[in-house]
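K.L.:
What follows is a single structure, and I will ask about it in a moment.
Since every read-out is calculated from the coordinates, none of them should be taken as a lab result. From a predicted model like this one, the values you see are computed outputs, not experimental measurements. Neighbour counts are summed over all protein chains in view; Cβ atoms, including those assigned to glycine, are modelled from backbone coordinates with ideal geometry.
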Amino acid sequence: MLRSLRQRPVTGSNEDLRVVELRSAVSRLRRELAAHPAEFPDRGIAEDELAALAAMTIDGVPETPRLRRSLLLIAGAIGSVSALSPGLTRVRDAVELFGEPRR
């Protein structure tokens, strides 16, 4: 894991490391969800919100309230699917990087 993800650019890039971490976590969870064989009622909601999160990482730093809203929708949609729990945790941790620093 990276030592500090607080707005430090990737070497040779202007990209915020928090955005890089979020993009990676979202991409991984999207792949895991696509590979998950079981259908569940809110799968489409999870897929749509993961796509929205991925889109938010394209144009710089996303808005924190929108990130949190998407996270809540995703958690509600796939929270009971234990196989996706680690991926969901990675996305949550990445979203938390955009919040207030912990004391």
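K.L.:
Filter segment 13-48 down to the residues that are surrounded by 14 or more Cβ atoms within 10 Å (Cβ to Cβ), farther than 17 Å from residue 73 by Cα and aliphatic (A, V, I, L, M) and list them by number.
P.N.:
17, 19, 20, listed by residue number.
K.L.:
Name the residues in segment 55-103 that are surrounded by fewer than 17 Cβ atoms within 10 Å (Cβ to Cβ), among the aliphatic types (A, V, I, L, M) and farther than 28 Å from residue 37 by Cβ, would you?
P.N.:
Matches in segment 55-103: 58, 61.
K.L.:
Anything in segment 53-84 that is closer than 13 Å to residue 23 by Cβ and not acidic (Asp, Glu)? List them, or say none.
P.N.:
Matches in segment 53-84: 53, 54, 55, 56, 57, 58, 60, 61, 62, 67.
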